[in-house]
Amino acid sequence: MATMTSSETEKIEGLRAKTFRLSPTAISYLQATPLTLILGAFLLLPILMITVVSFWDYDFAQMYPDFLTMNYAETLGSWVTWKTYLNTLKFAFLVWAITLFVGFWVAYFLAFHIRTTAMQMVLFLVCTVPFLTSNIIRMISWIPVLGRNGLVNSTLVGAGLVSEPVEWLLYSDFAVVLAMVHLYTLFMVTPIFNTLMRIDKSLVEAARDAGASSWQTLTNVIIPLAKPGMAIGTIFVVTLVMADFSTVQVMSGGQSASVALMMKNQMSLLQYPAAAANAVVLLVLVLLMVAGILRIVDIRKEL
């Protein structure tokens, strides 16, 4: 049997390599295929279905496939709906402002005033302990604290600070905002803490060596470098508040409303196309808010 020369062997190996070697572009597409399938099946497809249903007709018994703009006309043409959206945006703004203030200082304390990494992790885990219980349990735990005969009112009346219990502590917008701040502050603390931990401490030392005060170091060095974490926390908190209905329903005692609660009530009345139209409008609003945040702050370095 004739033996192959080295040049022939090299040609065969080259052909094999060309046959089985994939281009970098093809490899990239293959790597992205699983995530694309998952996002398509569990994110894009449900959104597409909700969008389609939002154009359907309905009555008290069932839905009828159609292409009507009636649901959007009723949603965008009602002053009650606009008032509900404004009320939801009010909750989102108040909760965002409070959680940003509280979350930044908690993260700043953990990152710059706790010297050892082990103690930082321990204290951070302590912050997460309440999240081992259900949101509903943590929310309704405020009722015996803020109620008419609750802990706060009993203390105020007993100390003689007020002559009668304060009514607005519970079943009010104040109670809704307080419960939401309690529920969502950790979603602001976590990304800010992660960002602050990445800051090179030599930058802080350089600012101090240059004669900067603590306030100047905070405003000119730390806060600008912490903006990506603030932006991520803002996205988390705003989207969670905009989608929350249980907190508004329970803590306001039915005296306040939100878009998510309105959709929940529509679905309980089998008005699925109307609820789907509200869901699409709310999704567009949230995406516009997120897009605005991303235009202001570049968070790609944190992802």
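Which of the following residues is under 24 Å from Ser258 (Cβ atoms) and at pLDDT 85 or above: Thr155, Thr81?
Details: Thr155 fails: under 24 Å from Ser258 (Cβ atoms).
Every option except Thr81 fails the conditions.
Does the stretch 40-48 contain at least one residue that is assigned to a helix (DSSP H, G or I), small (Gly, Ala, Ser) and touching a residue at least 24 places away in the same chain (Cβ under 8 Å)?
The first filter runs over the stretch 40-48 and keeps only residues assigned to a helix (DSSP H, G or I), leaving 40-48.
Among the residues that remain, those that are also small (Gly, Ala, Ser) are: 40-41.
Remaining after also requiring touching a residue at least 24 places away in the same chain (Cβ under 8 Å): none.
Checked against the condition, which is being assigned to a helix (DSSP H, G or I), small (Gly, Ala, Ser) and touching a residue at least 24 places away in the same chain (Cβ under 8 Å), the stretch 40-48 yields no hits at all.
For the stretch 240-262, which residues satisfy the criterion of being crowded, with 18+ Cβ neighbours inside 10 Å, small (Gly, Ala, Ser) and more than 15 Å from Val80 (Cβ to Cβ)?
Of everything in the stretch 240-262, those that are crowded, with 18+ Cβ neighbours inside 10 Å, small (Gly, Ala, Ser) and more than 15 Å from Val80 (Cβ to Cβ) turn out to be Ser252, Ala260.
Please state which of the following conditions Ile114 fails to meet, knowing it meets all the rest: (1) aliphatic (A, V, I, L, M); (2) loosely packed, with under 14 Cβ neighbours inside 10 Å; (3) within 19 Å of Pro191 (Cβ to Cβ).
Of (1) aliphatic (A, V, I, L, M); (2) loosely packed, with under 14 Cβ neighbours inside 10 Å; (3) within 19 Å of Pro191 (Cβ to Cβ), only one is false for Ile114: (2).
Among the residues in the stretch 263-272, are any in contact (Cβ under 8 Å) with a residue 60 or more places away in the chain, of a type in the set (A, V, I, L, M, F, W, C) and surrounded by 20 or more Cβ atoms within 10 Å (Cβ to Cβ)?
no
Working carefully through the options Val162, Val176, Val181, find the one that is more than 15 Å from Phe104 (Cβ to Cβ), surrounded by 13 or more Cβ atoms within 10 Å (Cβ to Cβ) and of a type outside the set (Ser, Thr, Tyr).
Residue meeting the stated conditions: Val176.
Would you mind stating whether Ile235 is surrounded by 17 or more Cβ atoms within 10 Å (Cβ to Cβ), within 25 Å of Thr81 (Cβ to Cβ) and in contact with a Leu (Cβ under 9 Å, 6 or more places away or on another chain)?
Criteria met by Ile235.
So, Trp105, is that one under 20 Å from Ala179 (Cα atoms), under 26 Å from the mean Cα position of the chain (by Cα) and at pLDDT 90 or above or not? Break it down stepwise before answering.
Values: under 20 Å from Ala179 (Cα atoms): yes; under 26 Å from the mean Cα position of the chain (by Cα): yes; at pLDDT 90 or above: yes.
Yes, satisfied.
Kindly provide the set of residues from the stretch 55-64 that are at pLDDT below 90 and out of contact with any Asp or Glu (no Cβ under 6 Å at 6 or more places or on another chain), ordered by number.
Passing the criteria: Tyr58, Asp59, Phe60, Ala61, Gln62, Met63.
From (1) surrounded by 10 or more Cβ atoms within 10 Å (Cβ to Cβ); (2) of a type in the set (A, V, I, L, M, F, W, C); (3) part of a helix (DSSP H, G or I), pick out the condition that doesn't hold for Leu125.
The number of the failed condition is (1).
The values are calculated or read from the model by the stated rules, or taken from the named source; none is laboratory data. What you see is a predicted model, and the numbers here were worked out from it, not measured in a lab. All Cβ positions, even for glycine, are placed from backbone atoms using ideal geometry, and neighbour counts span all protein chains on display.
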